[in-house]
1. Take every Cα pair under 8 Å in region 224-277 that's 6+ residues apart, average their separations, divide by the length, and report that relative contact order as a whole percent.
2. Filter the chymotrypsin sites (Phe, Trp or Tyr not before Pro) in region 178-232 to those in DSSP coil with at most 16 other Cβ atoms within 10 Å of their Cβ, and list the result.
3. Given H placed 1.01 Å from N in the peptide plane, which residues other than close sequence neighbours of residue 169 have an amide H under 5 Å from its amide H?
Amino acid sequence: MLKDPSLAMFRLLIIFLLLSNTCFGQKRTASFSSIDWNVRNIEAPTVDSLAKKLTAPYETELEKTRAIFSWIAQHIAYNTGIYNVGRGYQPVKYVFDPADTITSKSAIEQTAERVLRRRVAICDGYSKLFKTLCDYAGIESEVILGYGKCYLEKDERFRTNHTWNAVKVDSVWRLLDVTWASGYVTFSNEFVPRIDESYFLAPPQQFILDHYPEDLKWTLLERPPTLREFHFSPFKYKSFIKYSIASASPSSGTIEAFAGDTIRIELKLKDPSKDSLTAPDSYFDSAVIQLSPASVFLEPVIENNKAIYTYVVQSSDLEWLHLLYNRDPVLRYKLNVKKLQQSGN
């Protein structure tokens with residue numbers, strides 16, 4: 001018996017529509033690799049024209065946000081001139097630029113235009129350029145001021161030292177740090193450009209590991225940690241979040257000991273066998289191991305779902321204990337080596 005040709009054609013039409021919708025949905029899914037590639041060679045003289053060029057090919061807020069983020073990360077270098085080896089942070093002296101006298105623009109946009117011209121910035125410039133481009137693209141965003149836990153930071157005072165961004169994507173506020181995502185600075189004070197995905201729309205519980213905003217609403221957490229909990233906890237490297245580390249002991253980020261004392265640190269693990277299959281973080285600067293005499297890097301012994309680190313304090317010059325796990329740096333402790341008081345004769 002022959003099938004009704006009209007019924008067969010109807011079924012073919014349904015299949016075609018389903019396949020078409022599937023393909024259309026796949027095309028709308030943001031492909032970050034293609035976006036990153038496409039923005040590499042885009043140039044424009046002003047932030048408004050740049051925003052238009054970056055976002056015109058895309059329809060979704062996610063794609064537009066990625067295009068802006070990726071362009072900045074690939075085209076703006078970190079200004080290492082603010083650091084002086086051996087002296088730490090040095091304020092940048094402002095040099096008068098006639099182009100900065102355009103009073104019709106906000107202070108944020110003037111900073112963004114200056115960064116676009118010079119192609120170097122620190123966090124203030126990165127975050128303001130991102131916001132200005134988002135403003136012109138019709139994407140809601142904010143510049144967030146707060147405290148960023150910096151690598152090998154010696155100043156123990158808790159004060160605002162960093163800026164980053166919040167951006168509203170599909171009606172949901174998300175967090176990103178295009179400064180830290182753009183690359184890293186080596187111990188030889190060289191900026192190495194390399195996009196770090198962990199700072200693009202990071203989950204709030206991950207972002208809080210090294211970012212503490214002045215306004216706690218920008219943690220995007222229902223129960224943000226207290227300032228004391230954040231400041232005095234061990235420094236968590238960005239690799240910390242990808243492993244099954246449940247807790248660390250001691251919980252305080254500062255350890256006091258005498259020369260000759262044995263320090264023991266334990267990490268409780270959920271699944272070390274799974275962790276061993278995870279690739280180490282390629283962003284870690286291995287030169288740190290050779291060039292930082294005030295630091296020691298410790299490998300663990302794994303016992304019963306615990307990573308155990310032991311170290312005998314040998315020098316009063318030692319300041320930092322870095323814990324490696326699966327060849328990744330995951331935690332850093334500050335070590336205060338106390339001096340024995342000599343009794344008088």
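Rule-based calculations on the coordinates, nothing more; no lab input. Since the structure is predicted, the reported quantities are computational estimates derived from the model, not experimental observations. Cβ sites come from the backbone with ideal geometry, for glycine too, and all protein chains shown count toward neighbours.
1. Relative contact order for region 224-277 comes out at 39 percent.
2. 187
3. Residues meeting the amide H criterion: 174.
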